[in-house]
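To start, the structure itself, in structure tokens.
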Amino acid sequence: MKVSWIAVSGFVSLLAGCERSPYDGFKAVNEQVHFKLRALGDGERLPTDSDSVLVRLRMARHGEAPGSLFSTEQWYGAIDELLPKGVAQAVRLHEGDSVSMVATAERIPWSAIGAEQGALLDSGRVDLEFSLFALRSREDSRHQAEVARMARTAADEDSTLARFFRSDRDPWQRYMGIYFRPDPKNPKGEAIVSGQTVTIAYVARFLDSGRTFDDTHASHQPLTFRLGDPDQVIKGLEIAVHLLPNGGKGRFVFPSALAFGQAGSSSRIVPPWTPVLYEVEVVDASKVTAPVLLMDSSDARR
């Protein structure tokens, strides 16, 4: 293994500032956190605040099998948020470094790691193995996230729908491929039909994250169109409006086939195979008038 002397000397000098620990081979960062180098990597670069980091974490109650409490290998947003309090200021890790720590549970950033403290008392000791495998700049992270986002598949959509309906216990109705839940306070009246000109307001969200990607309330631009005319709105919205009276509201889940399809939206805001959640309100709907039939004089004499 090729190891930079700069990395070694920097690491040793940082450890030299720590105190002796009651744990064999460890240095005390403070009374609650103890630290030991397991392996030096061959990377010379230190992570910055904007870097994502690929990390392997294994945690256990002190003295128990490594990883028995929590184990993962994944990308995280920032390294300093993952380390026990006090470590980031005392020791700087290079790409490829691996360390062991003993820390009290109160010093572990459980939520940032994505683990649960459970019944472990704050004063309980945790053994933590931390390996920094790779770094990725903010620009690279954004590019990788965009590539993954645009590579969604039908299986991803099925998983998204299944998770959403598992987490939402209230019943949803189905009609022509969409899922809907009308507002119980909707006014009485006939459902809107093709040929009517309607004005709707809506909020559109991603089903998995709940993040808003379109909001006519925020833009102060409600959408007006003639129901039934082709290429006016996505198919799901057209079906949804048919289920509402004038002044009515509802929540609707549109599978991608009735939303932005296998290619996603032309703006790339909505990726392929993405089901969406719309909250729709019919602001106004015109009346349908019967067409006037004109007769010539010969018709009138019959």
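Quick rundown of the values:
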quantity	calculated
Relative contact order, percent, the range 88-240 [alpha-carbon distance under 8 Å, six or more residues apart]	16 percent
Relative contact order for the chain, counting Cα pairs under 8 Å that sit 6 or more residues apart, in percent	15 percent
Segments 241-247, 187-193 sorted - mean Cβ within 10 Å per residue, highest first	241-247, 187-193
Positive-end residue, the range 111-168 charge dipole about Cα centroid, Cβ charges, pick of Met150, Ala134, Thr160	Met150
Answer label, with percent of Cα pairs over 32 Å apart calculated from the coordinates and candidates (i) 52; (ii) 30; (iii) 55	(i)
In Å, descending, principal axis extents of the Cα set of the range 85-236	70, 38, 33
Computed magnitude of the charge dipole of the range 142-274 (debye, nearest 20; Cβ of K, R +1, Cβ of D, E -1)	320 debye
Accessible surface of the chain [probe 1.4 Å, protein heavy atoms]: carbon and sulfur percent	50 percent
Length-normalised contact order for the range 151-258 - Cα pairs under 8 Å, 6+ apart - percent	36 percent
Charge dipole magnitude, Cβ of K and R +1, D and E -1 - the chain, Cα centre, debye nearest 20	420 debye
Whole-number accessible area per residue in Å² for the range 184-230, which is evaluated in the context of all protein chains at 1.4 Å	61 Å²
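The values are calculated or read from the model by the stated rules, or taken from the named source; none is laboratory data. Just so you know, these numbers come straight off a predicted model, no measurement behind them. Glycine gets a Cβ as well: all are built from the backbone with ideal geometry, and neighbour counts include every protein chain shown. The accessibility values were calculated without ligands, DNA or RNA, using every heavy atom of the protein model including side chains. Shrake-Rupley method; radii C 1.70, N 1.55, O 1.52, S 1.80 Å.
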